[in-house]
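These notes concern the structure reproduced below.
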Amino acid sequence: MSRRSAGLLLYRRPPTGVEVLLVHPGGPYWRRQDAGAWSVPKGEYGPQESPEAAARREMMEETGLVVGTPLLPLGTIRQKGGKEVTAFATEGDFDPATLVSNSFEMEWPPRSGHTVSFPEVDQARWFPLAEARIRLLPAQVPFLHRLEQALYR
């Protein structure tokens with residue numbers, strides 16, 4: 001069975017146009033990467049959890065934001081590594097300065113025998129849709145198109 005993730009694309013509508021909240025992965029491998037490195041807040045889920053519940057949980061774990069509003073389904077994509085990602089969207093607001101992320105541990109530097117803890121997400125930021133297309137992992141860009149279609153029907 002392929003790995004499955006679910007995520008939540010938060011959007012807002014300031015006078016300048018729609019903006020989406022993206023997160024940047026923490027850890028040493030992502031430290032200097034920007035374009036094509038940002039993501040919808042997301043994470044894996046198992047057979048006992050629905051994609052919608054997982055998306056809400058992951059948003060809370062990666063940002064500290066609890067979302068109780070209705071979700072708009074954005075469908076499923078397959079990332080380069082084969083993982084299926086199902087995303088939802090909801091309108092809301094979030095102050096990136098209040099970001100609270102869970103963490104993970106890994107050996108760093110490699111083969112050093114030292115285990116270091118890193119935040120799963122090291123930053124969150126609002127992006128206009130045009131800039132989000134550049135910053136977002138390429139496989140997730142269709143979620144932006146689907147959000148636009150839903151908002152401008």
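What follows is calculated from the coordinates using simple rules that are stated; it is not laboratory data. Note that the structure is a prediction, hence the values are computed from the model and not measured. Backbone-built Cβ (ideal geometry, glycine too); neighbour counts: all protein chains shown.
Each residue of region 12-24 in order: what ³J(HN,Hα) in whole Hz does its phi give by Karplus 6.51 cos²θ - 1.76 cosθ + 1.60, θ = phi - 60°, with x for Gly and Pro?
In residue order, the calculated couplings are 9, 10, x, x, 7, x, 5, 10, 10, 8, 10, 10, 9 Hz.
How tilted is helix 141-151 with respect to the longest principal axis of the chain? Cα atoms for both, answer in degrees (0 to 90, nearest 10).
Here the helix axis deviates by roughly 30 degrees.
For Leu74, which sequence-distant residues (separation of 5 or more, or a different chain) have an amide H within less than 5 Å of its own amide H, given hydrogens modelled in the peptide plane?
For Leu74, whose amide H was placed from the backbone, the distant partners under 5 Å are Ala87, Phe88, Ala89.
What 222 nm value per residue comes from the helices of the chain, counting each DSSP H run with n ≥ 4 as -39,500 (n - 2.57) and dividing by all residues, nearest 500 deg cm²/dmol?
Taken over the chain, the calculation gives -6000 deg cm²/dmol.
Using alpha carbon coordinates only, what is the Rg to Rh ratio of the chain, with Rh defined as the Kirkwood radius?
So for the chain, dividing Rg by the Kirkwood Rh gives 0.97.
Please list, ordered by chain and number, the residues whose modelled amide H lies under 5 Å from the amide H of Gln123; skip anything fewer than 5 residues away on the same chain.
Residues meeting the criterion, in which the H sits 1.01 Å from N, are His24.
Per-residue counts of other Cβ atoms within 10 Å, averaged by peptide: what ranking do you get for 110-119, 30-39, highest first?
Most protected by this proxy first, the peptides run 30-39, 110-119.
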